[in-house]
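Undergrad: This is the structure I want to talk about, given as structure tokens.
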Amino acid sequence: GFSNISFFDHDGNTQAFDVGPCNNLLNWLTSEINLDYDDGGKIAAKGNVIDELLTQLLSLPFHKLPPPKSLGMEWFNKSLFPILDNWKHVPLEDRLRTSVEYIAKIIFDVTPTKGNVLITGGGVYNTFLIHRLHEMAKDRMKCNYVLPDDIMIQGKEAYAFAFLGLMRWLKEPNILTSVSGAMKTSSGGAVWLP
């Protein structure tokens, strides 16, 4: 539901953090009309950006925090819902369109200016969101958003947790200070043998 990013910094250290909401925001909005999600972003694509709402969303204090940082639904309830509740009188397609623009902008703002950016997770299926990212990247001629095949998209979290488990099995660090903000790098998790 949340968008996040991971990359190697200039020193070769792993960096990763939550960027902001993604499908959890869009799905919450579409639940108003008894839909689980906006299929391909078709409803959002019919709407118009509400500039004032977009400014309010982009001004949320979380976006100004330095990494490492993470989000949970408590942030959603405390910070995001109150803003969106003030705009319930606006047509849903406009709120969805503004939310897609917000999500694309916060993702775009943290992506590198050159190289390939692999996009995975459920947000890949929102073709309108992906279209907006590609449109924003046009000015960054050296940055390319890449969509993997369905196996990678669907299996990303399973692969990630299998890798964390392997690192634990090998007694290698799987909790990095650069990602978690912990005081020291460690190997977390438990190994249970039959």
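Undergrad: Output the residue which, of all residues in region 1-18 that are in a strand (DSSP E or B) and open to solvent by less than 70 Å² (accessible area, probe 1.4 Å), is farthest from V100 (Cα to Cα). Spell out the reasoning first.
TA: Taking region 1-18 and keeping what is in a strand (DSSP E or B), we get 2-8, 14-18.
Subsequent filtering for residues that are open to solvent by less than 70 Å² (accessible area, probe 1.4 Å) retains 2-3, 5, 14-18.
Working: F2: 13, S3: 12, I5: 17, T14: 28, Q15: 25, A16: 22, F17: 20, D18: 17 Å.
In this case the residue turns out to be T14.
Undergrad: Go through region 51-68 residue by residue and tally those that are at pLDDT 95 or above and closer than 22 Å to I5 by Cα.
TA: 10
Undergrad: Let me ask something else about it. Give R97, R140 a once-over and let me know the one that is among the basic types (K, R), part of a helix (DSSP H, G or I) and farther than 21 Å from F62 by Cβ.
TA: Exactly one residue qualifies, and that residue is R97.
Undergrad: When you go through D94, D109 one by one, which is the residue that is of a type outside the set (A, V, I, L, M, F, W, C) and open to solvent by 80 Å² or more (accessible area, probe 1.4 Å)?
TA: Among D94, D109, only D109 is of a type outside the set (A, V, I, L, M, F, W, C) and open to solvent by 80 Å² or more (accessible area, probe 1.4 Å).
Undergrad: In addition: Please indicate, with yes or no, whether at least one residue in region 156-168 is open to solvent by less than 90 Å² (accessible area, probe 1.4 Å), of a type in the set (G, A, S), in a loop (DSSP other than H, G, I, E, B) and in contact (Cβ under 8 Å) with a residue 12 or more places away in the chain.
TA: Checking region 156-168: not a single residue is open to solvent by less than 90 Å² (accessible area, probe 1.4 Å), of a type in the set (G, A, S), in a loop (DSSP other than H, G, I, E, B) and in contact (Cβ under 8 Å) with a residue 12 or more places away in the chain.
Undergrad: Related question: In region 137-184, what residues are modelled with pLDDT of 90 or more and among the polar types (S, T, N, Q)?
TA: N174
Undergrad: Go through region 19-90 and tell me which helices (runs of 4 or more DSSP H), entirely inside it, have 3 or more residues that are open to solvent by 70 Å² or more (accessible area, probe 1.4 Å).
TA: 51-58
The values are calculated or read from the model by the stated rules, or taken from the named source; none is laboratory data. Since the model is a prediction, treat every value here as computed from it, not as a measurement. Note: ideal-geometry Cβ built from the backbone for every residue, glycine included; neighbour counts use all protein chains shown. What goes into the accessible areas is simple: the full protein's heavy atoms, side chains included, and nothing from ligands, DNA or RNA. Shrake-Rupley method; radii C 1.70, N 1.55, O 1.52, S 1.80 Å.
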